[in-house]
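Student: My questions will all concern the structure given below.
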Amino acid sequence: MIKQGSLQEKILISKLNFKNKDAFSAIYDLYLDKIYRFIYFKVPTVAEAEDLTSQVFLKIWQLAITGRIKVGESFQSLIYKVARNLVIDHYRSSARDKNTVSLDEAINVARNETLENKIDAKLELEQVGKKLRKLKNEYREVIIMHFVDDLTIKEIAGILEKKRGNVRVTLHRALKALKEIQ
C-alpha cells in the first residue's frame with residue numbers, strides 16, 4: 001500500500017502530470033475515503049458528499065492534464081484545498097443553510113466493524129457530534145482535519161492558507177470551546 005507523502009506517492013504524482021491513468025487510479029484509491037469523509041461532515045446529504053468528492057478528483061485530473069500539479073509540494077495539502085474550495089463554492093451557489101449530517105449516516109461511513117464496535121461508535125459519534133455541531137465552523141474544521149484526518153499543523157496551515165501559529169491557536173481555542181460545551 002502506498003503511503004501519503006512517500007516517495008512512491010511522489011512518483012505517482014509525477015506520472016499523473018504525464019496523464020497516466022494508472023497513477024490517477026492509485027491516487028484516487030489512496031485519497032478517496034479521506035476526501036469523502038472530509039466533505040461528508042460539511043454537507044447535509046450523502047448525495048452531495050459523493051458529488052463533491054467526484055468533483056474533487058475531476059479537478060485533480062484537470063490540474064494533472066494541464067501539468068499544474070507540482071511534485072515537490074504536498075499533494076495532500078493540494079487535494080484538501082481543492083475539496084475545501086469546492087465545498088465553499090457549493091455553499092455559495094446554493095442559498096440554503098448548512099446542515100450537519102445525521103449521525104446514523106456518519107456511522108455508515110465506518111467500514112468492516114463488528115456490531116459491538118458499531119454500537120460503541122454510534123454512542124461516541126452521538127456525543128461528539130452533538131458537541132461538534134455547537135462549535136463554529138472554523139473550529140469544527142480544524143478539529144476534523146487534525147484529529148479525524150490526522151493532518152499536521154503544517155498541512156492544515158497549507159490547506160487553510162494560514163500561518164502555523166494561527167492554526168495552533170485556532171485548534172487550542174476549538175478544543176477549549178469543545179471542553180466547555182455541556
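The values are calculated or read from the model by the stated rules, or taken from the named source; none is laboratory data. Not measured: the values here are computed from a predicted model. Positions of Cβ are generated from backbone atoms using ideal geometry, with glycine treated the same way; all protein chains shown enter the neighbour counts.
Here's the yes/no breakdown for (1) buried (at least 18 other Cβ atoms within 10 Å of the Cβ); (2) under 11 Å from the mean Cα position of the chain (by Cα); (3) of a type in the set (S, T, N, Q):
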| residue | (1), (2), (3) |
| --- | --- |
| D29 | no, no, no |
| V43 | yes, no, no |
| I60 | yes, no, no |
| L63 | no, no, no |
| K70 | no, no, no |
| S94 | no, no, yes |
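Student: Can I ask one more? I'd like to check which helices (runs of 4 or more DSSP H) are fully inside the range 73-182 and have at least 3 residues that are modelled with pLDDT of 70 or more and outside the structural domain of T45 (by TED's automatic domain parsing).
Tutor: Numbers: elements: 75-93, 103-109, 115-133, 137-143, 153-160, 164-180.
Per the criteria, 115-133, 137-143, 153-160, 164-180.
Student: I've got another one for you. Could you identify the single residue in I35, I27 that is of a type in the set (A, V, I, L, M) and under 19 Å from V142 (Cα atoms)?
Tutor: Sole residue among the options that is of a type in the set (A, V, I, L, M) and under 19 Å from V142 (Cα atoms): I35.
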